[in-house]
Every structure is written in structure tokens, then in C-alpha cells.
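Beneath this line is the structure, given in C-alpha cells, with notes to follow.
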Amino acid sequence: MTTDEPHVVLRAHGIDEPVVRTLIEELNAELDALYPEPGANHFSLPTADQLLVAWHGDDPVGCGAVRVIEPGVAEIKRMYVRPDHRGRHVGGMVLRSLEATARGLGCHRLVLETGTRQEAAMALYLRHGFTEIPCWGEYVASAATSTCLAKDLH
């Protein structure tokens, strides 16, 4: 799979691989800067049914994961694109691939949480057909800084 940016490909990776840990640490640092208030929580990803890393040549430039949370429903987790590759359709490529994975896992609905201060992420999800839903599960406790979204898969 490719994007408008030449030589970007997606590869599946294990959750504990160093490249994944590095990207997640970068995401966490960015979120810490956006949400410095006490009690802000960036939520973990203990398991994933699929975790993808976007590669531009030999450089990892982004990631995302999907996990089934109940029969027919999957959650998108840990979407991140390094700042120097944003605006090049990498996030959309990762998201479309995770949607296809969720369909392959028998899911008919995707849900996710993003922060209220992450305007580019919100725009990406809305462009891809997600709509806002009430915060649920672990995200209820952070409703002041969380926006939850869902998309029915066809």
C-alpha cells in the first residue's frame, strides 16, 4: 500500500518491538505537551490484533493499531505520524488499512478516542467518516479532554 509520498509502506509489527516503543514514546511526549494538567491519561495498549508501522524507506514515520473490544466492534489505538511526515496522507493510509483489518476480523463498527486539542487528528477521522459519540469506558473519566468517535463499516 502506498500514499502520495513515494516509498511509504505499511508493515505489521509486534507491540513490544523497539520501533513501536520509540513511536509510542514520541506520541506520549507530544500528548504530555498538549495535555499537561494533572490526571491527564494517555491510555495504554496492552494488546492489539494488528499494529502497523508506516515506513518511508528505512525510516519509521507513523503507526496505528486496532483491537477487537467486543464481538463486532474494534477500537483504533495509538495513531501517530511523525511531524515531518504530516500532511502527506500517511495517517489516512494507516487508518484505511486498520479499517480493512477490522472488517477482516468480522467487525462492523470502529470506535476511537482522540484528544480535544488534536485538531488535525479530529479532521482526519471526520474526513474518513467517523462521527462523534458519547465518551465510553475508560474515556468517561477524561471526558473534558477526550472526544470519542465511531464509524460503521460497510
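The values are calculated or read from the model by the stated rules, or taken from the named source; none is laboratory data. These numbers come from a predicted model, not from an experiment. Neighbour counts are summed over all protein chains in view; Cβ atoms, including those assigned to glycine, are modelled from backbone coordinates with ideal geometry. Quick note on the areas: whole protein, heavy atoms, side chains included, nothing else; ligands and nucleic acids left out. Shrake-Rupley method; radii C 1.70, N 1.55, O 1.52, S 1.80 Å.
Cβ-Cβ distances below 6 Å connect the following pairs, each with a first residue in region 93-119 that is under 21 Å from Arg82 (Cα atoms), a second residue that is open to solvent by 10 Å² or more (accessible area, probe 1.4 Å) and among the β-branched types (Val, Ile, Thr), and a separation of six or more residues or different chains: Met93/Thr3; Thr114/Thr147; Gly115/Thr145; Thr116/Thr145; Thr116/Thr147.
Taken over region 56-98, residues that are more than 12 Å from the chain's Cα centre (by Cα) and within 20 Å of Glu30 (Cα to Cα) amount to 11.
When Leu10 is tested against (1) out of contact with any Lys or Arg (no Cβ under 6 Å at 6 or more places or on another chain); (2) at pLDDT below 95; (3) open to solvent by 30 Å² or more (accessible area, probe 1.4 Å), only condition (2) is not met.
Testing Glu25 on (1) open to solvent by 60 Å² or more (accessible area, probe 1.4 Å); (2) of a type outside the set (Lys, Arg); (3) in a loop (DSSP other than H, G, I, E, B), one condition comes back false. Which one is that? Result: Glu25 passes all but (3).
Okay, residues lined up against (1) touching a Ser or Thr at 6+ places or on another chain (Cβ under 8 Å); (2) of a type in the set (A, V, I, L, M, F, W, C); (3) farther than 25 Å from Trp136 by Cβ:
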{"position": "Asn28", "(1), (2), (3)": "no, no, no"}
{"position": "Gly72", "(1), (2), (3)": "no, no, no"}
{"position": "His85", "(1), (2), (3)": "no, no, yes"}
{"position": "Gly92", "(1), (2), (3)": "yes, no, no"}
{"position": "Leu95", "(1), (2), (3)": "no, yes, no"}
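For region 33-46, the count of residues that are aliphatic (A, V, I, L, M), surrounded by 12 or more Cβ atoms within 10 Å (Cβ to Cβ), at pLDDT 90 or above and part of a loop (DSSP other than H, G, I, E, B) is zero.
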